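The values are calculated or read from the model by the stated rules, or taken from the named source; none is laboratory data. Being a predicted model, the structure only gives us computed values, none of them experimental. Here the Cβ is made from the backbone with ideal geometry for all residues, glycine too, and neighbour counts use every protein chain on show.
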Amino acid sequence: MEDLTEMLKGTLEGCVLEIIGSEETYGYAITRQLNELGFADVVEGTVYTILLRLERNGLVQVTKRPSGVGPPRKFYALNDAGREELAKFWAKWQYLSSRIDRLKEGGR
Amino acid sequence: MNFWEKVTGSDLTREWKAFEARADVLPDDYRATWGQIVAHLFPYGDFTGRNLMPILDSALGLLEVAAADGQSVHEVLGEDIQGFCTALAGGAGARTYRDRWREQLNRNVARKLSRLGG
């Protein structure tokens, strides 16, 4: 689906948290996973700026590992604050999506 | 950074040379993009540009890793280099000339207004 970027903006951070939450991973792999999910427009640069923000907000634990070729990669894992943030994200998403569904069905 | 470096900015020159050396070994399209990134980030610099150094370092790091993966720079950054730079600079909490001018202006206006109201 095209032109999802604008709608996705506010939720992409939660998506990245969810991906990191299931296993320790790095920027390129996260981008590929989002692409395979159907978010074709997401590029690594976007994910990278989100990762920097998560790091700055103290939600992830960062480890540098050698990557075979080239410079070492940064691997990201959730810490306790990150897991808490992820739970909050899903609660907010639940709220938002249930309201929007209800709106669409014409109820109030 | 010692006092001498702080005054002369000699550490910045050295860091800058190191960035250029790293950028020089990147593939052509990456090198061109690096130039654009520098240009777009420049307005976010403070007086010496010192605040940009960690931001530039992380941007260059991303380019290096992605180039080593054999991705095209377009795959990595897409169309919106400027947006990427804004997110990078915002992410690092960089403050600019403009922010400070704006703050100063707001302060002055608030002061004038409070005088009028008071």
- prompt: Checking A:Gln94 against (1) in a helix (DSSP H, G or I); (2) within 14 Å of another protein chain (Cβ to nearest Cβ); (3) over 11 Å from the mean Cα position of the chain (by Cα); (4) among the polar types (S, T, N, Q), which test does it fail?
  reply: (2)
- request: Could you please let me know if B:Gly90 is within 13 Å of chain A (Cβ to nearest Cβ), outside any helix (DSSP H, G or I) and out of contact with any strand residue (DSSP E or B) (no Cβ under 8 Å at 6 or more places or on another chain)?
  value: no
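Report yes if B:Thr8 is out of contact with any Phe, Trp or Tyr (no Cβ under 8 Å at 6 or more places or on another chain), at pLDDT 90 or above and polar (S, T, N, Q), otherwise no. Break it down stepwise before answering.
Values: out of contact with any Phe, Trp or Tyr (no Cβ under 8 Å at 6 or more places or on another chain): yes; at pLDDT 90 or above: no; polar (S, T, N, Q): yes.
No, not satisfied.
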query: Considering region A:55-73 alone, what residues qualify as being touching a Leu at 6+ places or on another chain (Cβ under 9 Å) and either over 16 Å from A:Ile20 (Cβ atoms) or within 11 Å of chain B (Cβ to nearest Cβ) (or both)?
result: none
message: I'd like the full set of residues that are among the polar types (S, T, N, Q) and within 19 Å of A:Leu78 (Cα to Cα), limited to region A:16-45.
response: A:Ser22, A:Thr25, A:Thr31, A:Gln33
- line: Of the residues in region A:66-91, those that are at pLDDT 95 or above and in a loop (DSSP other than H, G, I, E, B) number 1
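For region B:64-85, name all the residues that are under 19 Å from B:Tyr44 (Cα atoms) and not β-branched (Val, Ile, Thr).
B:Asp80, B:Gln82, B:Gly83, B:Phe84, B:Cys85 - these are the residues of region B:64-85 that are under 19 Å from B:Tyr44 (Cα atoms) and not β-branched (Val, Ile, Thr).
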- prompt: Condition test on A:Thr31, is it of a type in the set (S, T, N, Q), surrounded by 19 or more Cβ atoms within 10 Å (Cβ to Cβ) and under 13 Å from A:Ile19 (Cβ atoms)?
  reply: yes
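Does A:Gly38 meet the test of being loosely packed, with under 14 Cβ neighbours inside 10 Å and under 22 Å from A:Thr5 (Cβ atoms)? Walk me through it before giving the result.
Details: loosely packed, with under 14 Cβ neighbours inside 10 Å: yes; under 22 Å from A:Thr5 (Cβ atoms): yes.
Here the answer is yes, as A:Gly38 does meet what is asked.
Can you name every one of the helices (runs of 4 or more DSSP H) wholly within region A:3-62 that holds 1 or more residues which are farther than 22 Å from B:Ile81 by Cα and out of contact with any strand residue (DSSP E or B) (no Cβ under 7 Å at 6 or more places or on another chain)?
On the way: elements: A:5-22, A:27-37, A:44-56.
Counting at least 1 such residues, we get A:5-22, A:27-37.
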field: Condition broken by B:Lys17, with the remaining ones in (1) crowded, with 16+ Cβ neighbours inside 10 Å; (2) at pLDDT 85 or above; (3) not hydroxyl-bearing (Ser, Thr, Tyr) satisfied
entry: (1)
- prompt: Taking A:Glu44 and the conditions (1) loosely packed, with under 12 Cβ neighbours inside 10 Å; (2) of a type outside the set (A, V, I, L, M, F, W, C); (3) within 14 Å of chain B (Cβ to nearest Cβ), which numbered condition does it fall short on, given that it satisfies the others?
  reply: (1)
